1. From the phi angles alone, apply the Karplus equation (6.51, -1.76, 1.60; θ = phi - 60°) to region 78-92 and give each ³J(HN,Hα) in whole Hz, x where the residue is Gly or Pro.
2. Which one of PRO80, ASN20, LEU55 is farthest out on the positive end of the charge dipole of region 1-126, using unit charges on Cβ (Lys, Arg +1; Asp, Glu -1) and the Cα centre as origin?
3. Given H placed on each backbone N at 1.01 Å, which residues far from TRP28 in sequence or on other chains put an amide H within less than 5 Å of it?
4. Can you give the charge dipole size of region 1-109 about its Cα centre, rounded to the nearest 20 debye, using +1 on the beta carbon of Lys and Arg and -1 on the beta carbon of Asp and Glu?
5. Could you order MET1, MET108 so the one with the most accessible surface comes first? Probe is 1.4 Å.
6. Given a 1.4 angstrom probe, what's the average accessible area per residue across the chain, in square angstrom?
7. Could you state the per residue volume, in Å³, of the convex hull enclosing the Cα atoms of region 1-53?
8. Need one number: nm distance between label points at LYS129 and GLN85, each 7 Å from Cα along Cα→Cβ, rounded to one decimal.
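The values are calculated or read from the model by the stated rules, or taken from the named source; none is laboratory data. Treat the numbers as computed from the prediction; the structure is a model and nothing was measured. Cβ atoms come from the backbone with ideal geometry, glycine included; neighbour counts cover every protein chain shown. The area values use the complete protein model at the heavy-atom level, side chains included, leaving out ligands, DNA and RNA. Shrake-Rupley method; radii C 1.70, N 1.55, O 1.52, S 1.80 Å.
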Amino acid sequence: MFDNGSERPEGNRSAAVEVNPKTGEIVWKYTTLHSASFYSYRQGAVQRLPNGNTLITSTHGGHLFEVTPDKQVVWDFVSPFFAGQGKCVASEDDSIGRERHINAMKNMVHRSYRYSPDYPGLKGKDLSKKVPLVEGCPYFFKDYSSK
């Protein structure tokens, strides 16, 4: 489950938590060292993947990432769409509410899902083609070499 962690006495901090439904005990928990890198005042989601990894959606920063059972980040994405406008770099104007407890951006993503290549909705789609989400932004997926 996604634990927003807002209004904690020790400070705001979100977490992804797996709870044993029979005992109510926490069997796995993911947090970060700095709350600003993974905090969503309201909303957020998690999805346990078939390989045992966990896909986390931190809504208020438009931040999606996948972590292993050993808590290593293996995939990371921040939505480049702010209030429907594609941008290469976020600015102060892309923030919603400057109150300490909200700390949200206009690139919110409510929930995300990881689909395998054999998902029926992807049938017939060319998944090898890579294109930028926002025209004019750097191609971060390209292999830059010193040639």
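1. My calculation for region 78-92 gives 10, 4, x, 9, 10, 6, x, 10, x, 9, 7, 9, 7, 10, 4 Hz in order.
2. In region 1-126, that residue is ASN20.
3. Excluding prolines and chain starts, which carry no amide H, the hits are GLU18.
4. Values: 11 positive and 12 negative charges, 27 e Å.
In debye, rounded to 20, region 1-109 gives about 140.
5. On the way: MET1 125, MET108 85 Å².
Accessible-area ranking of MET1, MET108, largest first: MET1, MET108.
6. Working: 10200 Å² over 147 residues.
Heavy-atom SASA per residue in the chain reads 69 Å².
7. On the way: hull volume 5.3 nm³, N = 53.
With only Cα atoms used, region 1-53 gives 100 Å³ per residue.
8. 2.9
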